[in-house]
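Inspection log for the structure reproduced underneath, given as C-alpha cells.
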Amino acid sequence: MKLVKRSFLMLLPLIIGFGCTQKVQTPEVQNDLTMIENPQLTYVLPSPRVEGSTSVETAINHRRSHRSYMNDALTAEELSQVLWAAYGISKPLQGYPQTRGGLRTAPSAGARYPLEIYALVGNVRGIEPGVYRYDSREHKISRVIERDIKQELAVAALNQEMISEAPACLFYSAVYSRTTDRYGDRGRERYVCMDLGHSAENVYLQAEALHLGTCAIGAFEDEAVRKVMQLPEEEEPLYIMPIGKYYDVSEF
Ligand SMILES: Cc1cc2nc3c(=O)[nH]c(=O)nc-3n(C[C@H](O)[C@H](O)[C@H](O)COP(=O)(O)O)c2cc1C
C-alpha cells in the first residue's frame, strides 16, 4: 500500500506541472475527412465536437448494451466522435513522452495509456473497409489489414453476430508493460482493466448521445482473436465494441 501511495505521490509534481505550465491549447479544427495514401492508407478524421445537446445525465440514464444492428453506413464524423470519446487527446502536452501526445478523454493510472484502439471498418462513408489503428495524437487512423475481418472476428468471439452485423467495431488491446513498468503486479491485475472500463464507458455514453448503440464484448477466444486481428506479440486483446444504428429489442 505504501508503495502504491508513493508512486502516485511521485506523480504529483508531474500532475501539478500539467496544471501550472501548460496553456490550454485549442486543437486545430479539421472539418473534412482527409485521405493520405502513403506509406499506408491513413485518414485524418474530422475534428470531434466538444459540445453536444445530450446531457451526461440523459446519456447515463439511457445507456444500454445493444446486440442487434442495422448495417446502415456510419459517417466519418460519427466514427471520429466515438474514437475521440474512447481515447482522444483532450489536453495536448509536450515534454511528457509517456503520455504519447497528452492527457486523454479517459483517465489512466499514471497517464501511461496502455490501451491500443482499432477501428474495424465495414461500412463507413468515405473510408475503405479494413482494420485501422487509431492514433490519438493526430486523431487519425491507419490501415493495418486491408479487408473487413468482422465476420472472422465474430466467429472467434463465440459467434456473436453483432460483430459482423454492425457497420463498424472498436477493438481494444493493451500493451501491459506500459503500466507494469511503473506499477508491477498491481498494474497488471488492476490498473489496465480499470483504464479499459473508463474508456469503454465513454464509448457507451458517446454512442448514446449519437443515437447509436454499442456493447462491450469480452467473451472470445484469445488466440483466435489474436490471429484474426494479426496482433503484435506485445498486445493483449481485451474488448470488442460494435458501433451502429440498432434495433430496439429489449432483452430484459
Ligand atoms: C466485462 C464485460 C464483458 C462483457 N461481455 C459481453 C459479451 O461477450 N457479450 C455480450 O453480449 N455482452 C457482454 N457484456 C455486456 C453485459 O452483458 C451487459 O453490460 C449487462 O447485461 C448489463 O446490461 P446493460 O449494459 O444494458 O446495462 C459485457 C460486459 C462487461 C462489463
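Throughout, read-outs are computed from the coordinates displayed, never taken from laboratory work. Just so it is clear, the structure is predicted and the values come from calculations on it, not from any experiment. No Cβ is skipped: glycine too gets one built from the backbone with ideal geometry, and neighbour counts run over all protein chains shown.
Full extension of the chain between residue 60 and residue 176 yields a length gain of 38.8 nm, computed as 0.36 nm times the residue separation minus the alpha carbon distance. In the chain, a dipole from Cβ-located charges (positive for Lys and Arg, negative for Asp and Glu) runs towards its positive end, and of 87, 129, 177 it is 177 whose Cα lies farthest in that direction.
Under Stokes-Einstein, with the Kirkwood radius over Cα pairs standing in for Rh, what whole-number D in µm²/s applies to the range 50-153 at 10 °C and 1.306 mPa s?
102
Computed over the Cα atoms of the chain, what is the ratio Rg over Rh, Rh following Kirkwood? Here the Rg-to-Rh quotient is 0.96.
Hydrophobic long helices, here whole DSSP H runs in the chain with Kyte-Doolittle means of at least -0.5 and Cα atoms spread over 20 Å or more along the helix axis, are found at 2-21, 192-209. Under the combined filter of DSSP loop state and at most 16 neighbouring Cβ atoms within 10 Å, the range 126-216 retains these GluC sites (Glu not before Pro): 138, 146, 161.
The simple spin-label model puts a point 7 Å past each Cα toward its Cβ; for residue 234 and residue 137 those points are separated by 1.3 nm.
Which of the GluC sites (Glu not before Pro) found in the range 46-111 are loop residues per DSSP with 14 or fewer other Cβ atoms within 10 Å of their Cβ?
51
Among the chymotrypsin sites (Phe, Trp or Tyr not before Pro) within the range 214-248, those in coil by DSSP and having at most 14 neighbouring Cβ atoms inside 10 Å are 247. With the helix formula -39500 (n - 2.57) applied to DSSP H stretches of n ≥ 4, the chain reaches a computed 222 nm mean residue ellipticity of -10500 deg cm²/dmol.
For the range 62-115, state the average projected area of the convex hull of the C-alpha atoms over all orientations, rounded to one decimal in nm².
If I average the Cα hull's projected area over directions, I get 5.5 nm².
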